[in-house]
Amino acid sequence: MSKKIKTILTISILANVLLLGSLAGVVMDRPHDMPWEKVKEGLSPSSQELVTKMFMDTWKDMGSTMRQSMDNRKYLADVVAAEKFDAKKFDEAVQRIRGVQDLMTKKKIESTKDLLMKLPKEDRQKLAEQVANSFSWKGRKHDYPKPAEKGSQPPKN
């Protein structure tokens, strides 16, 4: 890979990591904007309490993970800004960041599963679409081409 491409890739990854850090900072500064108010709509009062408790517990539990994420982003920034670029350290920094992202995803999945085990069937049915969408790409603002159906011709450019 050429030096120019490595530089562009490094800057791109660093920019994305810094953007994620900024977004995390905004979320951490505004915990009252959490989505549990929307999630709770239409649920029974006891289920609403469970949803609030799950979000609050998960929020508290994520504190150390968020600090770890910030430390990893700082480490990546230090690696990128070093006098001499070290590809091994860069790979390690990216792996550490991905590890924390995986940990956050696992925590989200586990807390969602724990909540759903406690909810009555009627309330789980009300949450079904929200839960399914939170683990998929549905509704995201990407315009990916749909896969071709069997027997159809690929689009011509």
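The values are calculated or read from the model by the stated rules, or taken from the named source; none is laboratory data. Everything numeric in this text was worked out from a predicted model, so none of it was measured. Positions of Cβ are generated from backbone atoms using ideal geometry, with glycine treated the same way; all protein chains shown enter the neighbour counts.
So here's what we get for this one:
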read-out: Selection count where residues are under 16 Å from Ser111 (Cβ atoms), loosely packed, with under 13 Cβ neighbours inside 10 Å and modelled with pLDDT of 80 or more, scope region 19-56; value: 1
read-out: Check on Phe90, outside any helix (DSSP H, G or I), surrounded by 11 or more Cβ atoms within 10 Å (Cβ to Cβ) and at pLDDT 85 or above; value: no
read-out: Residue selected from region 114-129 under the condition without any contact (Cβ under 8 Å) to a residue 24 or more places away in the chain and charged (D, E, K, R), by the criterion surrounded by the fewest Cβ atoms within 10 Å (Cβ to Cβ); value: Lys121
read-out: Residue in region 120-133 that is at pLDDT below 70 and among the small types (Gly, Ala, Ser) present; value: yes
read-out: Residues that are under 16 Å from the mean Cα position of the chain (by Cα) and surrounded by fewer than 13 Cβ atoms within 10 Å (Cβ to Cβ), drawn from region 65-85; value: Arg67
read-out: Ser12 out of contact with any Lys or Arg (no Cβ under 8 Å at 6 or more places or on another chain), loosely packed, with under 14 Cβ neighbours inside 10 Å and modelled with pLDDT of 70 or more; value: yes
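Let's see how each residue does on (1) modelled with pLDDT under 85; (2) in contact with a Cys (Cβ under 7 Å, 6 or more places away or on another chain); (3) within 15 Å of Thr10 (Cα to Cα); (4) not in a helix (DSSP H, G or I):
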site: Thr58; (1), (2), (3), (4): yes, no, no, no
site: Gly63; (1), (2), (3), (4): yes, no, no, no
site: Asp71; (1), (2), (3), (4): no, no, no, no
site: Glu83; (1), (2), (3), (4): no, no, yes, yes
site: Ile97; (1), (2), (3), (4): no, no, yes, no
site: Asp102; (1), (2), (3), (4): no, no, no, no
site: Ile109; (1), (2), (3), (4): yes, no, no, no
site: Asp114; (1), (2), (3), (4): no, no, no, no
